[in-house]
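Only one structure is covered here, and it is reproduced in the block below.
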Amino acid sequence: MSAGLFELRKDPITGWWVATIVDRDFDRSRFARAAEPVDDGGDCQNCRMPPGDGVRVRILKDYAFHVIGTEAERGELDRSFAQVTVAGARAAGSWRTIAAPPGEHRPLAQVGEMTEQLLLVARAAIADATAAAQTDYLQVVQNWGAQAGARTNHLCLDLYDLPLIPHRVGEELGGAARFVIREGECPWCRLVREESRARDRLVWEDAATVAFAPWGSRSPFEVWIVPREHQADFGQADDAAVRATAQALRQVLGGLAVSLDGPPYNLVLHTAPLRERVDATFHWHWEVHPRLREVAGLELGTGLPVNPVSPEAAVEELLERAGGRVDAVR
């Protein structure tokens with residue numbers, strides 16, 4: 001088969017375009033890529049700090065972000081340093097990590113109820129950040145494997161208090177609001193319904209959660225985990241929703257591990273901003289982005305993501321290795 005035909009697909013929420021290669025047979029040898037361990041010199045700091053036996057929260061850097069803005073604004077800020085403390089110099093936010101118990105270096109898909117415990121701590125952190133109203137957004141991420149930017153082999157989730165709303169989330173906020181005005185419903189609620197019905201890109205579903213490869217997947221084997229119940233703020237999710245999300249994450253990441261030899265990945269939560277009410281238009285969800293390839297010149301030059309594996313082909317591969325059925329991934 002000839003290779004290289006780009007199919008331009010448009011994200012229904014943000015309106016961003018993706019170039020998806022659709023005329024190339026899937027070659028597992030090109031994408032199966034095991035997560036590489038981080039060289040920590042045999043000393044895992046998350047195993048010993050902070051002290052304790054359970055899930056712990058460690059502050060890596062307080063006041064982690066300086067708001068500089070443009071180069072001209074940077075100059076104004078530099079001239080003001082003599083009159084203010086560093087903590088007061090438009091610094092905001094922090095970088096923390098939710099660390100699993102000491103010695104826990106297994107992947108998230110293998111730790112059972114520990115997944116739920118980590119998510120419960122993340123939920124509490126978002127609720128606390130909302131109440132404090134000192135930053136604009138709390139980003140929850142997991143970087144797994146050295147190729148995905150991990151700094152540790154320890155199982156953990158990172159928390160970044162940001163004095164801004166991230167561009168990607170901002171585009172989702174605006175696109176979702178326009179979608180609701182135009183279509184009369186939340187775009188993620190529609191995606192949950194349509195992906196469950198069509199099943200072409202469906203990876204996992206149960207009574208509470210749907211996991212699918214989005215139509216405009218920006219990277220090979222990208223998967224979204226979306227609750228069926230509409231809710232904007234993960235900080236307000238009830239225990240049942242957190243439990244269902246933990247189950248879905250284990251299943252999706254376990255399926256990726258079988259299909260792609262335990263790949264490196266980035267797991268990110270998209271939730272409502274801390275100081276904005278978007279209850280009617282936003283829908284919290286988790287995104288899994290396996291790190292299977294390098295970004296090339298077309299993407300850097302244009303900002304147009306290039307996905308060499310269509311989401312339909314990715315799901316076909318996932319389900320084939322899981323027995324050919326969505327319920328076999330459970």
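Over the residues of the chain, compute the C-alpha Rg and express it relative to 2.2 N^0.38 Å.
So the Cα radius of gyration is 1.02 times the expected 2.2 N^0.38 Å.
Ranked from largest, the principal axis spans of the Cα set of segment 152-232 equal 40, 29, 24 Å. The distance separating the Cα centre of segment 291-325 from that of segment 133-206 comes to 18 Å.
Segment 1-53: percent of C-alpha pairs farther apart than 17 Å?
So the pairs more than 17 Å apart make up 68 percent of the total in segment 1-53.
Note on segment 100-218: semi-axes of the ellipsoid equivalent to its C-alpha gyration tensor, largest first and rounded to whole Å, are 28, 22, 14.
Taking the chain as a whole, the Cys residues whose C-beta sits 4.7 Å or farther from every other Cys C-beta are CYS156.
Long hydrophobic helices in the chain: the complete DSSP H runs spanning 18 Å or more by Cα along their own axis with mean Kyte-Doolittle hydropathy of at least -1.0 are 114-132, 167-183, 239-260.
Report the FRET efficiency, 1/(1 + (r/R0)^6), for GLN110 and ARG321, where r is their Cβ-Cβ distance and R0 is 22 Å, rounded to 0.05.
Step by step, r from the Cβ atoms, then E = 0.80.
Fully extended, how many nm does the chain gain between VAL180 and LEU60 (0.36 nm per residue separation, minus their Cα-Cα distance)? Intermediate values should be presented prior to the final figure.
On the way: separation 120, 0.36 × 120 = 43.20 nm, distance 3.92 nm.
Stretched out fully, the VAL180 to LEU60 stretch lengthens by 39.3 nm.
Quick note on segment 223-284: its Rg to Rh ratio, both from C-alpha atoms and Rh being the Kirkwood radius, is 1.04.
Values quoted throughout were computed directly from the atomic coordinates according to the rules given, and no laboratory measurement underlies them. What you see is a predicted model, and the numbers here were worked out from it, not measured in a lab. Neighbour counts run over all protein chains shown; Cβ positions are idealised from the backbone, glycine included.
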